[in-house]
1. Can you name every one of the helices (runs of 4 or more DSSP H) wholly within the range 1-84 that holds 2 or more residues which are at pLDDT 95 or above and either more than 30 Å from HIS194 (Cα to Cα) or in the same structural domain as VAL189 (by TED's automatic domain parsing) (or both)?
2. For the structure I just gave you, tell me whether LEU144 is of a type outside the set (Lys, Arg) and surrounded by 15 or more Cβ atoms within 10 Å (Cβ to Cβ).
3. Please go through the range 26-77 and pick out each residue that is surrounded by 14 or more Cβ atoms within 10 Å (Cβ to Cβ) and among the β-branched types (Val, Ile, Thr).
4. So, GLN160, is that one closer than 20 Å to CYS29 by Cβ, over 17 Å from the mean Cα position of the chain (by Cα) and modelled with pLDDT of 95 or more or not?
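The values are calculated or read from the model by the stated rules, or taken from the named source; none is laboratory data. Source: prediction; values computed, not measured. Note: ideal-geometry Cβ built from the backbone for every residue, glycine included; neighbour counts use all protein chains shown.
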Amino acid sequence: MVQVGNVLVSFDVLTKPFACDLAACHGTCCVEGDAGAPVTLDEVAEIESLLPEIEEDLTDEAREVIARQGVAYSDPSGELVTSIVHGKHCVFCQKPLDSSSQGSQPTLCAIEKAYREHRIPFQKPLSCHLYPIRVSRFGECYALNYNRWDICQSAVLKGQREGTPLYLYLREPLVRAFGQAWYDELLLVTSELHNQHLI
């Protein structure tokens with residue numbers, strides 16, 4: 001790992017190729033798994049305030065889950081995560097959840113769709129924006145690691161074709177998380193590591 005400010009960045013983040021390929025994966029990361037996306041209390045409050053703007057984009061099942069337990073819950077490890085439908089689908093998946101439609105088109109996030117349509121000011125939870133980077137916090141320090149998942153193989157292949165490592169592909173969310181000055185320092189550190197043939 002390399003330290004940039006108060007953030008430890010794994011070499012995988014600096015070297016591994018990655019570029020989401022929704023045409024190939026159809027947003028499967030939003031509909032597979034056994035827990036929702038990590039969220040903060042501030043994000044939960046933000047999403048709750050925006051529900052009137054996005055609830056019409058949600059499935060009936062998702063609205064029922066939200067009415068019953070809210071937009072988030074604590075998973076078995078105690079982490080706050082977005083609520084899910086059928087034990088795996090994020091409640092904010094706009095795409096119908098019946099099997100006949102799966103794979104025909106990308107899964108859409110109702111939050112991000114509303115953001116892109118300029119209906120709300122919140123893009124989506126930061127953990128979703130940063131994926132497949134996962135952030136761990138240790139006091140005032142953070143650690144960034146690459147979370148490998150076989151459903152993202154198409155993104156790895158696209159990243160290889162385009163020559164795009166994770167830290168470049170995820171520039172926008174990294175700037176959102178840590179600021180432009182931090183990201184500029186990351187670029188300098190990465191360049192120096194390349195010059196020294198360390199990565």
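1. 11-15, 41-54, 60-69
2. Taking the combined requirement at face value, the residue satisfies it.
3. Result: THR28, VAL31, VAL39, VAL44, ILE47, ILE54, THR59, VAL65, ILE66, VAL71.
4. Taking the combined requirement at face value, the residue satisfies it.
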